[in-house]
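Visitor: Structure in structure tokens, see below.
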Amino acid sequence: SLLYNSTSNKLIEQLFSNLNVLQILDFTALARNNSLWDGADVAAAAMFIKNENIDLKKNILHLTFRRTKATKERIVFEIDDYDLHFVNRQTAIENQFIWKNNLLGGGRIKTTLNKFKNIDRFEVFLKKNNCIAGEGWILGIGGTKSPKYIFDIPTMPTKGIRYHGIDYSLLAPIDKILKFVKVSEEIIFTAPNVILWENIGIKKLPVFFNEISFSFKAKIIGIGSKNSDEKILKSIVRSFNINSDFYRFYIFTTSSQVLINLNTAILKDDYMNIPFLNENNEIEFSDFDRNIISDVNEIMQKFLRTAENSKAVMKIPLSKAIFEPFLENYGNEFSKVLNLIYEDKGKKFRLSEVITLSNSFIATIFKYDNKVDETNFHYKITNLEQSIIEELSNHKISEYLNANRIIKLYPQKDTIVFVKPNQYRYWLSLIAYRDADKCVADLFNAGY
């Protein structure tokens with residue numbers, strides 16, 4: 001909760017401003033399926049702090065452990081280079097979402113989010129347009145609030161609102177002996193209104209325009225217009241449909257609940273805090289933004305939820321139809337970042353060769369030249385290569401911790417080589433940008 005809850009902001013500010021935080025070992029991804037504790041799904045972190053003056057020259061290491069088969073079976077913790085995130089002190093104090101960003105892959109996620117920091121939150125948009133949002137009713141012992149308007153309309157069970165829409169066949173009269181401890185204003189239940197289910201959704205957020213008045217329990221949100229302005233209400237639904245990928249990405253990377261305490265359930269605050277994009281917003285998504293959003297939504301959030309069973313850890317099939325386009329995309333995105341700086345007089349970085357060193361490892365070779373040749377793919381599997389690469393890649397730090405090295409080589413001044421496992425997560429666009437940013441730093445330090 002210290003890292004992920006917004007209520008901890010003041011404590012975080014005091015902590016990182018006054019004490020020398022050295023590193024944070026974040027076991028949040030191990031919270032599911034009793035991977036960390038016996039009989040409990042509880043997220044945890046270990047923070048190393050010294051009561052001394054802060055060393056501003058050193059960043060804070062945020063190490064995000066992943067759930068692997070070996071970890072789940074209590075054999076050993078496993079990490080790799082992409083689990084290491086170095087956070088500067090100012091970012092740790094000012095950016096409350098940096099830890100969640102890192103949990104989902106880090107790198108340029110924060111850059112994409114920062115583009116929208118000046119956009120009005122959804123809650124502000126509603127106020128400006130005379131709309132009001134509220135959750136449904138709550139029953140409880142000792143409840144006394146029983147407003148008449150609740151009994152004048154049917155009620156909808158929570159299961160009646162799902163990804164596909166509203167199931168009006170489930171509407172039924174409400175039991176008139178019910179007592180409530182909380183009931184929202186009548187406008188929340190009165191059509192026309194907008195209905196939102198507090199769930200991240202499979203492909204899009206479950207947000208629907210509604211023309212029948214009915215009540216509902218908490219975990220469902222109603223949005224009503226004080227002016228009964230259907231145009232505004234429909235524009236809200238339209239925005240959620242058009243920008244659903246971005247909104248889901250924003251919730252995944254900022255929510256204190258989804259992927260932390262629960263897998264898919266979100267909070268009303270998660271909806272209200274979205275930077276709401278309407279016809280008046282002129283911000284455009286770059287190709288970098290779209291790729292990062294897609295990787296988080298399609299790969300990284302599922303990696304947190306299902307870990308060793310997710311697509312992220314699956315091998316990329318060695319077929320031309322799947323393998324080659326996927327690796328070419330990685331190569332193109334990696335080169336695109338470097339070429340923003342180093343393209344000069346026709347010379348630029350390009351993916352020259354891809355070699356399957358074994359069924360478990362892939363090597364990519366980048367050249368800096370003026371050629372426009374297509375990428376050469378070499379498929380070869382030998383036991384000798386397998387043993388050599390595994391010896392280089394696997395580093396046993398201690399009895400309880402293994403590190404899978406990412407091999408990066410600069411054999412010549414115009415060549416960059418990566419050797420990484422054959423798993424989807426190592427060859428995403430999101431990772432290509434992290435690799436490229438590190439190479440830019442390496443080249444700069446080398447005088448290029």
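Visitor: Between GLU185, GLU374, GLU13, where does the largest GNM mean-square fluctuation fall for the chain, given springs only between Cα atoms within less than 10 Å?
Guide: GLU374
Visitor: Could you work out how far helix 244-254 tilts from the main Cα principal axis of the chain, as a 0 to 90 degree angle to the nearest 10?
Guide: That works out to roughly 80 degrees.
Visitor: Identify which of ILE355, ILE24, ILE322 has the largest mean-square fluctuation in a Gaussian network model of the chain, with springs joining Cα atoms closer than 10 Å.
Guide: Its mean-square fluctuation being the largest, the pick is ILE322.
Visitor: Can I ask one more? Please sort by residue number the chymotrypsin sites (Phe, Trp or Tyr not before Pro) in the range 141-205 whose DSSP state is loop and whose Cβ has at most 16 other Cβ atoms within 10 Å.
Guide: TYR163
Visitor: Another one. Please give, to one decimal in nm, the separation of the simple spin-label points placed at GLN412 and ALA44, each 7 Å out from Cα toward the Cβ.
Guide: Label at GLN412, label at ALA44, 5.2 nm between them.
Visitor: Taking the Cα centre of each part, how many Å lie between the range 211-282 and the range 1-79?
Guide: Cα centroid to Cα centroid, the span is 30 Å.
Visitor: If you place +1 on the Cβ of every Lys and Arg, -1 on the Cβ of every Asp and Glu, and leave all else neutral, what size is the dipole of the range 288-350 about its Cα centre, to the nearest 20 Debye? Display every interim value, and only then the final one.
Guide: Working: 11 positive and 9 negative charges, 26 e Å.
Value, rounded to 20: 120 debye.
Visitor: Report the local net charge at ILE220: Lys and Arg +1, Asp and Glu -1, summed over other residues whose C-beta lies under 9 Å from its C-beta.
Guide: Net charge in that neighbourhood comes out at 0.
Visitor: How big is the shadow of the Cα convex hull of the range 143-190, averaged over all directions, in nm²?
Guide: On the way: hull surface 15.0 nm².
Its average projected convex-hull area is 3.7 nm².
Visitor: Moving on to the next point. Just to make sure I understand: if all protein chains stay in place, what is the order of ASP287, ASP229 by accessible area at 1.4 Å, largest first?
Guide: Largest to smallest exposure gives the sequence ASP287, ASP229.
Visitor: Another one. Can you tell me the 0 to 90 degree angle between the C-alpha axis of helix 383-393 and the longest principal axis of the chain, rounded to 10?
Guide: 70 degrees
Visitor: Could you tell me which residue out of ILE177, THR190, PHE208 lies farthest along the dipole of the range 164-233 toward its positive end? Charges go on the beta carbon: Lys and Arg +1, Asp and Glu -1, centred on the Cα centre.
Guide: ILE177
Visitor: Along the charge dipole of the range 67-184, pointing to its positive end and built from +1/-1 on Cβ of Lys, Arg, Asp and Glu, which listed residue (GLY140, GLY106, ILE166) has its Cα farthest out?
Guide: GLY140
Visitor: Cut-off 10 angstrom, C-alpha nodes, Gaussian network model of the chain. Which of ILE236, ILE260, ILE132 fluctuates the most?
Guide: Per the Cα network of the chain with a 10 Å cutoff, ILE132 tops the list.
Visitor: Measure nothing but the geometry: give the 0 to 90° angle between the long axis through the Cα atoms of 429-445 and the longest principal axis through the Cα atoms of the chain, rounded to 10°.
Guide: 50 degrees
Visitor: Give the relative contact order (percent, whole number) for the chain; include only Cα pairs under 8 Å separated by 6+ residues.
Guide: Across the chain, relative contact order equals 14 percent.
Visitor: Within the range 71-102, report the GluC sites (Glu not before Pro) that DSSP leaves as loop and that have at most 11 other Cβ atoms within 10 Å.
Guide: Listed in order of number, the matching sites are GLU73.
Visitor: From the residues PHE86, GLY224, LEU63, which one has its Cα farthest along the dipole of the chain in the positive direction, the dipole being from +1 and -1 charges on Cβ of Lys/Arg and Asp/Glu about the Cα centre?
Guide: Farthest towards the positive end: GLY224.
Visitor: How big is D, in µm² s⁻¹, for the range 1-78 by Stokes-Einstein at 20 °C and 1.002 mPa s if Rh is the Kirkwood radius over C-alpha pairs?
Guide: Numbers: Rh = 14.0 Å.
The calculation lands on 153 µm²/s.
Visitor: Also: Dipole size in debye (nearest 20) for the range 183-310 around its Cα centre, Lys and Arg Cβ +1, Asp and Glu Cβ -1? Each step should come with its number before you reach the end.
Guide: Working: 13 positive and 17 negative charges, 83 e Å.
Dipole magnitude for the range 183-310 comes out near 400 debye.
Visitor: State the dimensionless ratio Rg/Rh of the range 208-338 (Rg: radius of gyration of Cα atoms; Rh: Kirkwood radius).
Guide: So for the range 208-338, dividing Rg by the Kirkwood Rh gives 1.06.
Visitor: Given +1 on the Cβ of Lys and Arg, -1 on the Cβ of Asp and Glu, and no further charges, what dipole in debye does the chain carry about its Cα centre, rounded to the nearest 20?
Guide: Dipole size: approximately 580 debye.
Visitor: Restricting the count to DSSP beta bridges whose residues both fall in the range 1-135, what percent are antiparallel, rounded to a multiple of 5? It would help to have the intermediate numbers written out before the result.
Guide: Numbers: 11 of 15 bridges.
About 75 percent, rounded to the nearest 5.
Visitor: Provide, for q = 0.15 Å⁻¹, the log10 of I(q)/I(0) from a solvent-free Debye sum over equal Cα point scatterers in the range 50-183.
Guide: Result of the Debye calculation: -0.94.
The values are calculated or read from the model by the stated rules, or taken from the named source; none is laboratory data. Treat the numbers as computed from the prediction; the structure is a model and nothing was measured. Positions of Cβ are generated from backbone atoms using ideal geometry, with glycine treated the same way; all protein chains shown enter the neighbour counts. Surface accessibility is based on the protein's heavy atoms, side chains included, excluding ligands, DNA and RNA. Shrake-Rupley method; radii C 1.70, N 1.55, O 1.52, S 1.80 Å.
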